[in-house]
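Have a look at the structure below before the remarks.
Nothing in this text is a laboratory measurement; each read-out follows from the coordinates by a stated rule. As the structure is a prediction and not an experimental result, all values here were calculated from the model. Here Cβ is always computed from backbone atoms with ideal geometry, including for glycine, and neighbour counts include all displayed protein chains.
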Amino acid sequence: MNDAATFPPGSTIGIMGGGQLGRMFAIAARRMGYRVHTFSPDEDTPTGQLADREVAARYDDETAVRDFARGVDVISFEFENIPVECIGWAAEHCPVRPAGRVLHICQQRLREKEFLAAAGLPLPPFAAVTSAAELAVAAERIGLPAVLKTAAFGYDGKGQRKLKPGDDLAQAWAPFESRAAVLEAFVDFECELSVIVARGLDGAMATFPVARNAHANHILDVSAVPFGDEKIERAACELARAVAAKLELAGLLAVEMFLTRGGELLINELAPRPHNSGHWSFDAAVTSQFEQQLRAVCGLSLGSTELLRPVAMANLLGDLWANGEPDWAAAAAFPEVKIHLYGKADARPGRKMGHLVAFGSSPEDAAARVRAARTALGGARDPRAVAGDPPATP
């Protein structure tokens, strides 16, 4: 297997996972002349709707995984929680980028935090916990408040519980029984931010502009770019590059961070794939995060990450469908707003169904516009009554 092989347009890219990240990757890949095959346990997936070939099989189906890998030139991911055995089977037939080792680290919180700590990178104090007794010891050492998280397969706030002084720790541990967990010091942060960094086969790196992120119910709600503080932006990008270099990444990596009230950056989580907070790049960067992932895993030169205009992205969750189909015409009435939907038929509460992107004169203006457009989905609102624009006259 030639781990340094490059793959020009016309090659076939395999994507493990069938969600919206793969869908947007497929759009970028097909625009550049690549073929796309996707592998996931489901049919008619967001990625599969745009792929040349959709394979529906379990990740632990060795025969199906090997057959899929033999039919593509290189494999990448839009979803990192894939069994390590699956990655190993695929790697026997074609390059896998990022490498299985990277996914193995990033798909489990404890491994990820131990890797970062061993590399000397800044993160909140943490402790591994496997029992109520260990939780009590960890709480004494780290202090409360703190956050108890499952070590594996947690995202969007799932598998987490905040612990406060005076809480019954044995009771708090009960839902985590028989599962490895991590106790992490609670960070009194000023804001949350993220940096997406790409690293090519030759070690060249490029970072996207820093996104300022706001969450609701542990799910990303709005991301706005640019961040607006050059000193913090430089430090955050340098930190993201350091993580990518330590991982020996070939591909794309999102680094979520806390900015403490004292001005310190602490790493929260890693994602070795495109990230929700980078969706704005599809419309507002010279090179989107999805095209950049393609360039990195195919061995092409990385593209420019220059921001074209201040921009904000707002998630559209299934809750918006509670009273029927959203009013798309009302959102489309905002001329500076773009609508992205993921082709999901089942609009469940909390499920990411799409997103809006809005341009503005500043990140604050863009955020106000994208929130107004999202509000309009549930009931019409004059698109000019935003960010100080004069309302329409009757």
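Points worth noting:
- Considering all C-alpha pairs of segment 43-199, those separated by over 21 Å amount to 57%.
- Remark: the chain carries a charge dipole of roughly 300 debye about the Cα centre, counting +1 on each Lys and Arg Cβ and -1 on each Asp and Glu Cβ.
- Listed residue (Trp173, Gly203, Leu193) projecting farthest to the positive dipole end of segment 170-211, Cβ model: Gly203
- Computed helical MRE - 222 nm, the chain, DSSP H runs ≥ 4 contributing -39500 (n - 2.57), nearest 500: -8000 deg cm²/dmol
- Cα shape, segment 276-318, gyration tensor, a/c 1.5 rule: oblate
- Full-extension gain in nm, Ala152 to Ala128, via 0.36 nm per residue minus C-alpha separation: 7.4 nm
- When you restrict to C-alpha pairs under 8 Å that are six or more residues apart and normalise by the size of the chain, the relative contact order lands at 13 percent.
- Placing +1 on the Cβ of every Lys and Arg and -1 on the Cβ of every Asp and Glu, with nothing else charged, gives segment 65-144 a dipole about its Cα centre of roughly 140 debye.
- Computed over segment 301-370, Cα set: Rg, Dmax in Å: 14.0, 47
- Sites excluded, GluC sites (Glu not before Pro) in DSSP loops with at most 15 other C-beta within 10 Å, longest stretch of the chain: 307-394
- Estimated inter-spin distance, Asp168 and Ala4, nm [label 7 Å along Cα→Cβ]: 6.2 nm
- Taking every DSSP beta bridge that has both ends in the chain, the antiparallel portion is near 80%.
- Förster-model FRET efficiency, 25 Å R0, Glu177 and Leu144, C-beta, rounded to 0.05: 0.80
- Distant alpha-carbon pairs in segment 1-86 (separation over 19 angstrom), percent: 32 percent
- Global form of segment 241-343, assessed from the alpha-carbon gyration tensor, a/c cut-off 1.5: prolate
- Put simply, the Cα atoms of segment 166-276 extend 49, 30, 24 Å along their principal axes, the longest span coming first.
- Three-way shape call for the chain based on the alpha-carbon gyration tensor, with the a/c threshold at 1.5: rounded
- Cleavage-rule hits, trypsin sites (Lys or Arg not before Pro), segment 178-266, DSSP coil, Cβ neighbours within 10 Å at most 16: Arg179, Arg261
- Think of each Lys and Arg Cβ as +1 and each Asp and Glu Cβ as -1; about the Cα centre, that makes the dipole of segment 6-133 roughly 460 debye.
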